[in-house]
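The values are calculated or read from the model by the stated rules, or taken from the named source; none is laboratory data. None of the values given here were measured: they were computed from a predicted structure. Counting neighbours? That spans all protein chains shown, and the Cβs are built from the backbone with ideal geometry, glycine included. Side chains are part of the model used for accessible areas, which takes the heavy atoms of the whole protein and leaves out ligands, DNA and RNA. Shrake-Rupley method; radii C 1.70, N 1.55, O 1.52, S 1.80 Å.
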Amino acid sequence: MPNLITILLSERKVVMILFLLSGHLVFSQKIYEYNSPGANCYSQYLFKENAPLPKGVLVIDAKGEDLKTYSESNQYLNSGLFNDYNFLYINILDKENRNSLNCYNVVIYTVSYVRNINESVFFFVNPSQEIDPAGPFFIKNSSYSFNIINKSPSSLEILKTELNAALLSKTYKNPKVYSNEEIQAEKMSNYRRNFDVAFFYSPLIFFGPKLNSTSDVVGTYGLSFKKSIGSQTAVLLNLNMGSKKPDQSAIMEQVQSNQKGNIYSFVLFGGELMFRYYDNPDKPLRLFTSLGFGMYSMTNIRIKIKSTGVSAKTNENSYYTPVLDAGLEYRITPLLKVNSSVPLRYFINKSDNSINTFTMGINLGVSATINPNSFGKSGKKKN
């Protein structure tokens, strides 16, 4: 049975191996600059995130060395003790007062603001030797909002223990508060989770045999249900209907005047399943193209007025319908959108190919997003 020391050494080796394997992530991080060359406090810095829920931030002076190389060679990182801490490496390239910590202060303030971190969890490993070694382990100076490690301890284990104790009452991150503009921008870009319900109107113009035998144009309207499956893709189900009711007053007038003739009416109903692609995942105004397939049924009714009375005759045709459309969608608010498109349909008669027909329409629609704020951001205004 292995003894306790062997187990602890093995665990330390495993931690070190895993840490070294993850070390390459540093080289994918960007080095940022504060100020410009020649200006006071011109600095470079690199922020190294080690843990999803870190305890605090150790601020290391890279002393003019290459930040990425130095971040892999410092004693704190390589000790394996501080994997639950983040690191901020700073190079102060130009400063007026060599011993002042003001330049470190402005970089720490910048990082804490951008990354929304409490400055009280930044611990600066002070490069100066002028601080009283008999002083407290950590210094909280009113001139700086961060903490200063007073001395470089001979044992990193002692430093880790002291840091953990100092951070017991501190929270790493502040609750993020969003401005109204940020909330609206987030809602506007939240296409991935959207589910929309739309109403549309679309007159169809026929170029070939007429579905209802009498008219070149059939007005249709319906409902559309759209589920986004990506930032630029969606699936739609369209339910279309068009109809013309018999003119009852015309029928009565012809019957009473004993006039013979025919009165026509129809009912068109169908559905389409479509895949849609948008050109831009973020902007409120987006171009789109769609491709799909539908099935339609057309019922024609002929009412014949004779001297002996009135009779009605119906015939029904079913169609397969490939569909292609292109158009624009504009998001007025996170909830409301309008769109227009030009759909092209080819009605293929299931029983008689001689009466297949091509149609073009103009689709005008308005839609409501059922879940415009899926990410649930706070509505408080940023100070």
From the set of residues in segment 264-298 that are of a type in the set (Ser, Thr, Tyr) and crowded, with 16+ Cβ neighbours inside 10 Å, which is nearest to the chain's Cα centre (by Cα)?
278
Looking only at segment 95-124, filter to residues that are in contact (Cβ under 8 Å) with a residue 40 or more places away in the chain and of a type in the set (Lys, Arg); which one of those is nearest to residue 35 (Cα to Cα)?
95
Answer yes if at least one residue in segment 303-318 is open to solvent by 90 Å² or more (accessible area, probe 1.4 Å) and basic (Lys, Arg), and no otherwise.
yes
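For segment 273-291, name all the residues that are among the charged types (D, E, K, R) and assigned to a strand (DSSP E or B). Walk me through it before giving the result.
Within segment 273-291, the subset among the charged types (D, E, K, R) is 276, 279, 282-283, 286.
276, 286 - these are the residues of segment 273-291 that are among the charged types (D, E, K, R) and assigned to a strand (DSSP E or B).
Among the residues of segment 133-164 satisfying the criterion of being of a type in the set (A, V, I, L, M) and modelled with pLDDT of 65 or more, which is surrounded by the fewest Cβ atoms within 10 Å (Cβ to Cβ)? Step through it out loud before you land on a result.
Kept after step one, since they are of a type in the set (A, V, I, L, M), are these residues of segment 133-164: 134, 139, 148-149, 156, 158-159, 163.
Okay, now just the ones that are also modelled with pLDDT of 65 or more, so 139, 148-149, 156, 158-159, 163.
Values: 139: 16, 148: 21, 149: 19, 156: 16, 158: 11, 159: 22, 163: 22.
Here the answer is 158.
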Residue among 119, 130, 96 that is open to solvent by 20 Å² or more (accessible area, probe 1.4 Å) and either at pLDDT 85 or above or under 17 Å from residue 170 (Cα atoms) (or both):
119
Examine segment 307-318 for a residue that is at pLDDT 95 or above and either over 20 Å from residue 270 (Cα atoms) or touching an Asp or Glu at 6+ places or on another chain (Cβ under 7 Å) (or both), and state whether such a residue exists.
no
Just the residues that are open to solvent by less than 10 Å² (accessible area, probe 1.4 Å), touching a residue at least 40 places away in the same chain (Cβ under 8 Å) and in a loop (DSSP other than H, G, I, E, B), please, taken from segment 74-89.
82, 85
Identify all residues within segment 220-230 that are open to solvent by less than 40 Å² (accessible area, probe 1.4 Å) and out of contact with any Leu (no Cβ under 8 Å at 6 or more places or on another chain); write none if there are none.
228, 230
So, in segment 345-359, how many residues would count as being surrounded by 14 or more Cβ atoms within 10 Å (Cβ to Cβ), of a type outside the set (Ser, Thr, Tyr) and outside any loop (DSSP other than H, G, I, E, B)?
5
Is it the case that segment 308-331 has a residue that's farther than 21 Å from residue 206 by Cα, assigned to a strand (DSSP E or B) and in contact (Cβ under 8 Å) with a residue 60 or more places away in the chain?
yes
